[in-house]
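Since the structure comes first, as structure tokens, the remarks are kept for the end.
The values are calculated or read from the model by the stated rules, or taken from the named source; none is laboratory data. Remember, predicted model here, so these are calculated numbers, not experimental data. Reconstructed Cβ throughout: ideal geometry from the backbone, glycine too, with neighbour counts over all protein chains shown. For accessibility, only protein heavy atoms count, side chains too; no ligands or nucleic acids. Shrake-Rupley method; radii C 1.70, N 1.55, O 1.52, S 1.80 Å.
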Amino acid sequence: MTSSTKCGFAAVVGKPNVGKSTLVNQLVGRKVGITSPKPQTTRKRILGVKTKGNIQIIFVDTPGLTLSRTLLGRTMLNQSKEALSDCDLALFVADASGFAPDREDRIAWRIFASEMKFRAAAPPIYLVLNKADKFKDKKELLPIIKNFSTLGTFQDVFPVSALKGENLEPLENAILKYIPESPHYFPSSEQEPQEERVRISEIIREKILFLVHQEVPHGAAAAVEEMRPGKNPETLYIKGTIFVQKESHKGILVGKDGKMLKKIGTLARKEIEFELKKPVYLDLWVKVKAEWQEREEMLRYLGYV
Ligand SMILES: Nc1nc2c(ncn2[C@@H]2O[C@H](COP(=O)(O)OP(=O)(O)OP(=O)(O)O)[C@@H](O)[C@H]2O)c(=O)[nH]1
Ligand SMILES: [Mg+2]
């Protein structure tokens, strides 16, 4: 008997902040991408590989489908569109606690639907109504399912809680149905196809998103500029730079007596140490780079293209 293998791409899309990255992390079973309470956290396509026996699912987390005038915003949108161009199925995620689709959901759907027109055959689409944990009485979800189903044509609808890991099994089983026969694209090891430096800079950015408010985190980006053994070779020296658009943002990020930068650094270092399983010296700097969001070479340097 020959045993066939299966492998396919499941794109996870929707308007910003609905819990796409939280969902991918839960489905994959580890932190693949950063999450935050602020919209437009994810800035590029991120692959999360889950291998179970002879089946491999590659989840593609994407930036929220939204319109933006900046080069960064347009680059982010292209990342999401590319994920849609070759996926085997799509999960369109919405926030159930919104009760009904809002303007942003409709824009996201419109972008999604127009992207589908470029494909010879549209893939199956599941509607995922996330944040269902916000409803104690699950009966309340029935009219909400009906409201969101008007957005488009879906194969099926799944109310879930990505955060609490609730009701994901029916969704997982449904995803398996559309994973085609194919060799696996990634080795079945736990390793992510994401570069270490990128993962570290994302952790730094996540801490900024949690600790700093208003427009500052949206205008911030992080890069790992140096990584080498420390004075004690058991340790790792990492030099990270946080780029901001304005001098005033730098002031906020550094904080009084450098306290904010220290907080960001401590939180980031702890998580990096947990990931790399060794002591880390994280040397963080803040640099003003006006209009970095409009500069192609900066977007490339930051890995967003
Ligand atoms: N209550 C609740 N909150 C959730 C759930 N899933 C995600 N969240 C929260 O929603 C916020 C956004 O989550 P993300 O996973 O970053 O959302 P996203 O869709 O990836 O956002 P962008 O990358 O900005 O488009 C975070 O504060 C999450 O903790 C859920 O199932 N229930
Ligand atoms: Mg995200």
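From the list Ala132, Ala122, Ala90, Ala174, the lone residue that is more than 16 Å from ligand 2 (Cβ to nearest atom) and in contact (Cβ under 8 Å) with a residue 40 or more places away in the chain is Ala174.
Are any of the residues in segment 45-64 over 18 Å from Pro180 (Cα atoms) and touching a Phe, Trp or Tyr at 6+ places or on another chain (Cβ under 6 Å)? The answer is no, given that none of the residues of segment 45-64 is over 18 Å from Pro180 (Cα atoms) and touching a Phe, Trp or Tyr at 6+ places or on another chain (Cβ under 6 Å).
Search segment 44-90 for residues being assigned to a loop (DSSP other than H, G, I, E, B) and polar (S, T, N, Q), and hand back the single one that is farthest from the chain's Cα centre (by Cα). Filtering first and then ranking leaves Asn54.
Taking segment 202-305 and the strands (runs of 3 or more DSSP E) fully enclosed by it, the elements with 1 or more residues that are of a type in the set (S, T, N, Q) and either out of contact with any helix residue (DSSP H, G or I) (no Cβ under 7 Å at 6 or more places or on another chain) or open to solvent by 60 Å² or more (accessible area, probe 1.4 Å) (or both) are at 236-244.
Number of residues in segment 1-43 that are in a strand (DSSP E or B) and either away from ligand 1 (no atom under 12 Å from the Cβ) or open to solvent by 60 Å² or more (accessible area, probe 1.4 Å) (or both): the value is 6. Would you be able to say whether some residue in segment 222-234 is modelled with pLDDT of 95 or more and small (Gly, Ala, Ser)? The answer is yes; a qualifying residue exists. Restricting the first member to segment 155-169 and to residues that are in contact (Cβ under 8 Å) with a residue 60 or more places away in the chain, and the second to residues that are among the basic types (Lys, Arg) and open to solvent by less than 20 Å² (accessible area, probe 1.4 Å), the beta-carbon pairs closer than 9 Å and six or more apart or on different chains are Ala162/Lys20.
Is it fair to say Ala108 is open to solvent by 30 Å² or more (accessible area, probe 1.4 Å) and either assigned by TED's automatic domain parsing to the domain that holds Val12 or assigned to a loop (DSSP other than H, G, I, E, B) (or both)? When the stated conditions are applied, Ala108 does not pass them.
Just wondering, is there one or more residues in segment 129-138 that are at pLDDT 95 or above, among the aliphatic types (A, V, I, L, M) and under 14 Å from Thr22 (Cα atoms)? Looking through segment 129-138, at least one residue is at pLDDT 95 or above, among the aliphatic types (A, V, I, L, M) and under 14 Å from Thr22 (Cα atoms). Any idea which of (1) within 29 Å of Arg30 (Cβ to Cβ); (2) open to solvent by 40 Å² or more (accessible area, probe 1.4 Å) is the one Arg119 doesn't satisfy? Every condition holds for Arg119 apart from (1). Being of a type in the set (Gly, Ala, Ser) and closer than 15 Å to Val12 by Cβ is the filter; apply it to segment 36-66 and report the residue that is nearest to ligand 2 (Cβ to nearest atom). Applying the filter and picking the extreme gives Gly64.
Give segment 1-35 a look and list any residue that's among the small types (Gly, Ala, Ser), farther than 14 Å from Lys131 by Cα and within 11 Å of ligand 2 (Cβ to nearest atom), or say none.
Gly33
The number of residues in segment 130-155 being surrounded by 14 or more Cβ atoms within 10 Å (Cβ to Cβ) and either more than 16 Å from ligand 1 (Cβ to nearest atom) or not in a helix (DSSP H, G or I) (or both) comes to 9. Under the condition of being surrounded by 18 or more Cβ atoms within 10 Å (Cβ to Cβ) and modelled with pLDDT under 95, the residues counted in segment 52-67 number 0.
Against the list (1) open to solvent by 30 Å² or more (accessible area, probe 1.4 Å); (2) within 28 Å of Pro187 (Cβ to Cβ); (3) in contact (Cβ under 8 Å) with a residue 60 or more places away in the chain, the condition Thr70 fails is (2).
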